[in-house]
Amino acid sequence: MKSTLLILTLLITCLGLKAQDLKLGLPVGHTSDVHSAVFSPDGTKILTASEDHTARVWESSSGKLIHSLEGHTSGVNSAVFSPDGTKILTGSSDKTARLWESSSGKLIHSLEGHTSGVYSAVFSPDGTKILTASGDGSTIVWESS
C-alpha cells in the first residue's frame, strides 16, 4: 500500500494532477517499502525500487505492471532509466548494481566490486558511464556497455 501511495503522490505532484483526475488502477506488487520512484525519459513508464528485492516497471497512464526485475538478493535502493530509456540500472544492499534491458526486463550485466550495499547508481548524461556509491565509502565509475 505504501508503494501505491508513493506512486500516486508522485503523479499528483509531478503532473499537477488532482486526485479526482486520476483514473489509474492502483498498482500492486511490491511487498515491502519502496525506496525510489522515477519516470522514464519519455514519461510513459514509472520505475520503482523496493526493499522486497525487486524493481518494477509500471505503465504511467494506467498503473499496469509491465516488468518485475528480479535477481537481487537484498533490497533495491535505487533504480533509474538510461538517458535514452533503453536500459535500467538498479543498486542494491546485496553489494551489486545491475543493468537491465528496459523493453524486456532481461538482465544484461551485474556490476560487482563494492564491499557494502550500493545506495545510489546513476548513468552519466550521455549514458556511456555508470556511477555507483556504496556504504563502503567508495564510488566506482563503470562503462555502461
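The values are calculated or read from the model by the stated rules, or taken from the named source; none is laboratory data. As the structure is a computational prediction, the values presented were derived from the model and not from experiment. Every residue, glycine among them, receives a Cβ derived from its backbone with ideal geometry; neighbour counts consider all protein chains shown. The area values use the complete protein model at the heavy-atom level, side chains included, leaving out ligands, DNA and RNA. Shrake-Rupley method; radii C 1.70, N 1.55, O 1.52, S 1.80 Å.
State whether the residues of the range 121-141 include one that is part of a loop (DSSP other than H, G, I, E, B), surrounded by 21 or more Cβ atoms within 10 Å (Cβ to Cβ) and out of contact with any His (no Cβ under 7 Å at 6 or more places or on another chain).
no
Could you check, for the range 119-128, whether at least one of its residues is among the aliphatic types (A, V, I, L, M), more than 17 Å from Ser36 (Cβ to Cβ) and touching a Ser or Thr at 6+ places or on another chain (Cβ under 9 Å)?
no
Condition check: polar (S, T, N, Q), at pLDDT below 95 and not in a loop (DSSP other than H, G, I, E, B). Does Ser78 satisfy that?
Values: polar (S, T, N, Q): yes; at pLDDT below 95: no; not in a loop (DSSP other than H, G, I, E, B): yes.
Answer is no for this residue.
Taking the conditions exactly as written (touching a Ser or Thr at 6+ places or on another chain (Cβ under 6 Å), in a loop (DSSP other than H, G, I, E, B) and at pLDDT below 50), does Leu26 satisfy them or not?
So Leu26 fits the description; yes.
If you check Ser110 against the conditions, is it surrounded by fewer than 16 Cβ atoms within 10 Å (Cβ to Cβ) and at pLDDT 95 or above? Steps first, answer last, please.
On the way: surrounded by fewer than 16 Cβ atoms within 10 Å (Cβ to Cβ): yes; at pLDDT 95 or above: yes.
Yes: the conditions hold for Ser110.
Could you please let me know if Trp100 is open to solvent by less than 20 Å² (accessible area, probe 1.4 Å) and either of a type outside the set (Lys, Arg) or part of a loop (DSSP other than H, G, I, E, B) (or both)?
Criteria met by Trp100.
Mind counting the residues in the range 51-70 that are of a type in the set (A, V, I, L, M, F, W, C), buried (at least 19 other Cβ atoms within 10 Å of the Cβ) and touching a Pro at 6+ places or on another chain (Cβ under 9 Å)?
Final tally of qualifying residues: 1.
Which one of these is open to solvent by less than 20 Å² (accessible area, probe 1.4 Å), on the phi < 0 side of the Ramachandran plot and of a type in the set (S, T, N, Q): Thr48, Thr31? Full working, then the answer.
Details: Thr31 fails: open to solvent by less than 20 Å² (accessible area, probe 1.4 Å).
On inspection, the qualifying residue turns out to be Thr48.
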